[in-house]
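Here the structure is laid out as structure tokens; the discussion comes afterwards.
The values are calculated or read from the model by the stated rules, or taken from the named source; none is laboratory data. Small disclaimer: the values here were computed from a predicted structure and weren't measured. Please note: Cβ atoms are built from the backbone with ideal geometry, for glycine as well, and neighbour counts cover all protein chains shown.
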Amino acid sequence: MTEKEFVEKGIRLSFEFSKYLIEHPEFEEKIPEGAEVVIFSDDDSEFNEKAEKLAEKSKEEGQQIIFIKVKGLAPGAASRLINPELILAPSI
């Protein structure tokens, strides 16, 4: 995966996650205040590894990292995330 592909996929997933939160505000309430949110794609381990490394590098001291694992993108204009699952990262 090139850097460009990584960035484009990250932007696309972040945008879709933002739309999902608008449609499902109760999901946003589960995310701790100030947490760093990292979106994982169920079908792309290379993307996930890069995203996790970037999150670890950029997180602030004491900041919690939250992983959002999505199964994919559904067709349509509304949020296309399929069954996102919130996973708390262990404290480091």
Please go through (1) under 25 Å from residue 22 (Cβ atoms); (2) over 12 Å from the mean Cα position of the chain (by Cα); (3) not aliphatic (A, V, I, L, M) for residue 69 and return the number of the only condition it doesn't satisfy.
(2)
Enumerate the strands (runs of 3 or more DSSP E) found wholly within the range 23-92, keeping only those where 3 or more residues are surrounded by fewer than 16 Cβ atoms within 10 Å (Cβ to Cβ).
85-88
Residues to consider are 39, 87; find the one that is under 11 Å from the mean Cα position of the chain (by Cα) and at pLDDT 90 or above.
39
Could you list, in sequence order, all residues of the range 40-92 that are of a type in the set (Lys, Arg) and free of Cβ contacts under 8 Å to residues at least 60 places away in the same chain?
50, 53, 57, 59, 69, 71
Residues (out of contact with any Leu (no Cβ under 9 Å at 6 or more places or on another chain) and at positive phi) located in the range 32-72
34, 62
Output the number of the condition that residue 1 fails; it satisfies all remaining conditions of (1) in contact (Cβ under 8 Å) with a residue 12 or more places away in the chain; (2) part of a helix (DSSP H, G or I); (3) touching an Asp or Glu at 6+ places or on another chain (Cβ under 8 Å); (4) farther than 17 Å from residue 89 by Cβ.
(2)
Consider only pairs whose beta carbons are under 7 Å apart and that are at least six residues apart or on different chains; among these, list those whose first residue lies in the range 9-32 and is acidic (Asp, Glu) and whose second residue is assigned to a helix (DSSP H, G or I).
28/21
